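*Asks:* One structure coming up, written as structure tokens, with questions to follow.
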There are 2 protein chains.
Amino acid sequence: MSTLHDHAATIMRRSDELAAFTTVEGQITRPYGTSALLDARDQLAAWMGEADMSTHVDNVGNLFGRYEADTQSIDPKTFLVGGHFDSVVDAGRYDGTLGILTGIAVVQHLNETGRRFPFAIEVAAFADEEGNRFHTSFLGSSPVAGLWDPAWVTLEDDAGTPLKEAIRALGGDPEAIGSDTIDSGSVLGFIEVHIEQGPVLQDRNLPVAAVSSITGSLRATIEFAGMAGHAGTVPMALRRDALAGAAELVLAVEAVGASETDLVATVGTLECSPGASNVIPGHAHLTLDLRHPDSTIRERAYAGVRAQAEAIAERRSLDLDWTDSPSFAETVCDARLTKTLREAIAGEGIEPLSLFSGAGHDAITMANICPVTMLFVRCRDGISHNPAESIDEVDVEAALRVLERFLFAVAGQR
Amino acid sequence: MSTLHDHAATIMRRSDELAAFTTVEGQITRPYGTSALLDARDQLAAWMGEADMSTHVDNVGNLFGRYEADTQSIDPKTFLVGGHFDSVVDAGRYDGTLGILTGIAVVQHLNETGRRFPFAIEVAAFADEEGNRFHTSFLGSSPVAGLWDPAWVTLEDDAGTPLKEAIRALGGDPEAIGSDTIDSGSVLGFIEVHIEQGPVLQDRNLPVAAVSSITGSLRATIEFAGMAGHAGTVPMALRRDALAGAAELVLAVEAVGASETDLVATVGTLECSPGASNVIPGHAHLTLDLRHPDSTIRERAYAGVRAQAEAIAERRSLDLDWTDSPSFAETVCDARLTKTLREAIAGEGIEPLSLFSGAGHDAITMANICPVTMLFVRCRDGISHNPAESIDEVDVEAALRVLERFLFAVAGQR
């Protein structure tokens, strides 16, 4: 029989094993619908089996491992514990998978100690949260939470491969995805254990913290159009250089992001054309991603960036094309579940801090069908979406203890 | 018999006819080694034939039309008049071809009026000046001027097609190109009539001007490396955003370019990675192209940009990788030829202005074997390398009159 201490070591090892499932040698790159993703899912299912869970896969490709309720319970409900097993390009090894592996480990420990609850536990392994391949958000958890958009089946990846084909590669039926929604009456709640992806826990010297809310984001795609021209012959004063306008906006976005506590503002992509060293760029395309947990501050900052883009375009005689992209309102975690989680943290002798999440998570969609909360785990230097992503085994053990204590507390409340 | 007035109209019509030779429907895109280029060459050869020129093609694919000297001359030398007939992607219709068409027109007019000189005139039609396909400079005129680099035969285009194959597609022998150099003792000079590609003649309300020099350029490729990270979770103060550093440099380059008369400085390409809207860019790549006719000013400005790049990297904790790219020294046009050209301009009742060229031209290579000069023709709004490239027929007529008067003057000096 293993202790939670042993299980923490297992999780570190399993994180390394999952990291080997990649489409790009030497990286961790595991997009939706690839054979690397399928192989990772098979591995997760095998580990679920070892923990005495029955497994099933839904049409979008999510994997669920079910640990049944105690036999006295009639028509028991389900508590979901989970994460995602797709990754961004050149990712770290803990983002997403930690929620699945901690779920499996706690179930295995419960099974080893002969404990069952008056509800089933299902470990949900979502097949696509990052959305890197089809430029979606929460592709995996959306159908589960009743938020599947039928129009998505017409999506294609950058290589022109239809989403339908990716769905079928995972064994699903694109037409049946809409029927995979979990009945909200059957679900007690959802919790995800996730690396913090920020530096606060390291700064505060704490292993874990509860998440009180997930920040909202406002996003835009922005195009400046000027006039392409010969880099040797058009005098500086006569130029309408789209890239120079875009560069001004990049710096304006950075300044806006720094203007308020907890605000972050990012230009993640910038492309210019024609794109030759001896031609003045006539077009520049960039994206804005702006986040703050408070919608008032978020919207004011967004309007500020837009006003600056308009001023830049005006001053430089550029045409501006500003397109609002899909945005997300903040998701407030369930007060009662989060209070229970904070009590579990305190029960392990850890200061019960609450953080907001700056990143989006499947809890956003899952909140559509059930109460949600999250447990953050300290990660080194706040680095994530990067091969340097790193966590400590001792913090994973703390997370396991808190998660198990939390589930006992939820069971005690019933 | 046609007048030069008639020939100007012919040139306008022929420019339109050449524009139809393109690899991309709806554009003028005529790279080296394509069937569009071959068809354009056949058309030019036909027009040379109409002007009583004998034609030949060299191994790199250049076309030469020879109008013989008067019969009294023993072992006559040659005066070269020319331009190029390849184009950039989505080009205008006058860049390069105007030098060939004005040469053919003046020879035809001389032939119609029964005039020959104590030297032969050869109209040189260079097969590649822009270098768009194989990322070369002056591929056509280099072997003519003894500047062929044998290593070039190993070049490939972006699709992996070897230069050798493109050479053979034009009927040349890749191994024999090095032997196509014209004996410098046989050449009296080279003149190219070219659109200005800048706004000065329009501003000064002049149809043509002599070119005193071709500007030199300094170029670099620059990379900033920071740290990729999650756009939602890394606080602004902890970021090492490579794109933000690059944006600062884009604006610094623009400011340096504006700091001196006749200086131009351009960032024509900028790419950042990983390149997702929700990831802080960890890398940014950009190019610098900086030109001024005076090497002292050019080098001082270049050093200034580099110092700013270093300061940006230092301040933002970015790594900077600065690579000098091949640069070009300025080419000073031959003083005596250019004086003769200015006198020809004045002889036509036009203020004899001298300009420098901000763009590179085959005169740079041709200066290796003979005295060179150029005649610029006004173009609308300075627009070039663009479908909107536009010139007036009346200015073409002025260029023809100046070019013919110039050749008479050269003949009179012998």
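*Asks:* Hey, can you tell me all the residues within the range A:147-168 that are open to solvent by less than 50 Å² (accessible area, probe 1.4 Å), assigned to a helix (DSSP H, G or I) and at pLDDT 95 or above?
*Replies:* Passing the criteria: A:LEU163, A:ALA166, A:ILE167.
*Asks:* Give me the pairs, please: first residue somewhere in the range A:1-14 and within 17 Å of A:ASN111 (Cβ to Cβ), second residue anywhere and small (Gly, Ala, Ser) and in a loop (DSSP other than H, G, I, E, B), beta-carbon distance under 8 Å, and either six or more positions apart or on two chains.
*Replies:* Matching pairs, first to second residue: A:THR10/A:SER2.
*Asks:* Against the conditions (1) in contact with a Cys (Cβ under 9 Å, 6 or more places away or on another chain); (2) within 8 Å of chain A (Cβ to nearest Cβ); (3) not small (Gly, Ala, Ser), where does B:HIS283 fall short? Just the number, please.
*Replies:* Looking at each condition in turn, B:HIS283 falls short on (2).
*Asks:* Something else about it: Determine if the range A:87-105 includes at least one residue that is part of a helix (DSSP H, G or I), without any contact (Cβ under 8 Å) to a residue 12 or more places away in the chain, over 17 Å from A:GLU389 (Cα atoms) and small (Gly, Ala, Ser).
*Replies:* Within the range A:87-105, none of the residues are part of a helix (DSSP H, G or I), without any contact (Cβ under 8 Å) to a residue 12 or more places away in the chain, over 17 Å from A:GLU389 (Cα atoms) and small (Gly, Ala, Ser).
*Asks:* Considering only residues that are surrounded by 14 or more Cβ atoms within 10 Å (Cβ to Cβ) and of a type in the set (D, E, K, R), look in the range B:322-341 and name the one that is nearest to the other protein chains (Cβ to nearest Cβ).
*Replies:* Restricting to residues being surrounded by 14 or more Cβ atoms within 10 Å (Cβ to Cβ) and of a type in the set (D, E, K, R), the top hit is B:GLU330.
*Asks:* Kindly indicate whether B:SER137 is within 13 Å of the chain's Cα centre (by Cα) and crowded, with 24+ Cβ neighbours inside 10 Å.
*Replies:* no
*Asks:* What strands (runs of 3 or more DSSP E), lying completely within the range A:1-86, carry at least 1 residues that are touching a Ser or Thr at 6+ places or on another chain (Cβ under 9 Å) and open to solvent by less than 10 Å² (accessible area, probe 1.4 Å)?
*Replies:* A:63-67, A:78-84
*Asks:* From (1) over 30 Å from B:ARG378 (Cα atoms); (2) at the interface with chain B (Cβ under 9 Å from one of its Cβ atoms); (3) open to solvent by 10 Å² or more (accessible area, probe 1.4 Å); (4) in contact (Cβ under 8 Å) with a residue 12 or more places away in the chain, pick out the condition that doesn't hold for A:ASP289.
*Replies:* Condition not satisfied by A:ASP289: (3).
*Asks:* Where residues in the range A:292-321 are within 30 Å of B:ASN386 (Cβ to Cβ) and polar (S, T, N, Q), which of them is surrounded by the most Cβ atoms within 10 Å (Cβ to Cβ)?
*Replies:* Only one residue fits best here, namely A:GLN308.
One line per residue, one yes/no per condition, for (1) farther than 13 Å from B:SER213 by Cβ; (2) part of a strand (DSSP E or B):
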site: B:ARG300; (1), (2): yes, no
site: B:ALA311; (1), (2): yes, no
site: B:GLU314; (1), (2): yes, no
site: B:THR323; (1), (2): yes, yes
site: B:ALA344; (1), (2): yes, no
site: B:ALA359; (1), (2): no, no
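*Asks:* Would you pick out the residues in the range A:372-396 that are out of contact with any strand residue (DSSP E or B) (no Cβ under 6 Å at 6 or more places or on another chain), closer than 20 Å to A:ALA8 by Cα and in a helix (DSSP H, G or I)?
*Replies:* A:ARG380, A:GLU393, A:VAL394, A:VAL396
*Asks:* Of the residues A:VAL234, A:VAL211, A:VAL187, A:VAL193, only one is of a type in the set (A, V, I, L, M), under 25 Å from A:GLY82 (Cα atoms) and within 14 Å of chain B (Cβ to nearest Cβ); which?
*Replies:* Exactly one of A:VAL234, A:VAL211, A:VAL187, A:VAL193 is of a type in the set (A, V, I, L, M), under 25 Å from A:GLY82 (Cα atoms) and within 14 Å of chain B (Cβ to nearest Cβ), namely A:VAL211.
*Asks:* Within the range A:237-271, track down each residue that is part of a loop (DSSP other than H, G, I, E, B), farther than 26 Å from B:GLY358 by Cα and more than 7 Å from every other protein chain (Cβ to nearest Cβ).
*Replies:* Selection gives A:SER259, A:GLU260, A:THR261, A:ASP262, A:LEU263.
*Asks:* Step by step: first the residues of the range A:344-373, then only those that are of a type outside the set (Val, Ile, Thr) and within 14 Å of another protein chain (Cβ to nearest Cβ), then the one that is nearest to A:GLY146 (Cα to Cα). Which residue is that?
*Replies:* Only one residue tops the list, namely A:ALA363.
*Asks:* Hey, does the range B:383-399 have a residue that's assigned by TED's automatic domain parsing to the domain that holds B:GLY131, open to solvent by 30 Å² or more (accessible area, probe 1.4 Å) and closer than 28 Å to B:SER137 by Cα?
*Replies:* Checked against the condition, which is being assigned by TED's automatic domain parsing to the domain that holds B:GLY131, open to solvent by 30 Å² or more (accessible area, probe 1.4 Å) and closer than 28 Å to B:SER137 by Cα, the range B:383-399 yields at least one hit.
The values are calculated or read from the model by the stated rules, or taken from the named source; none is laboratory data. Fair warning: this is a prediction, and the values are worked out from it, not measured in the lab. As a convention, Cβ positions derive from the backbone with ideal geometry for all residues, glycine included, and neighbour counts pool all protein chains shown. Note: areas computed on protein heavy atoms with side chains; ligands, DNA, RNA excluded. Shrake-Rupley method; radii C 1.70, N 1.55, O 1.52, S 1.80 Å.
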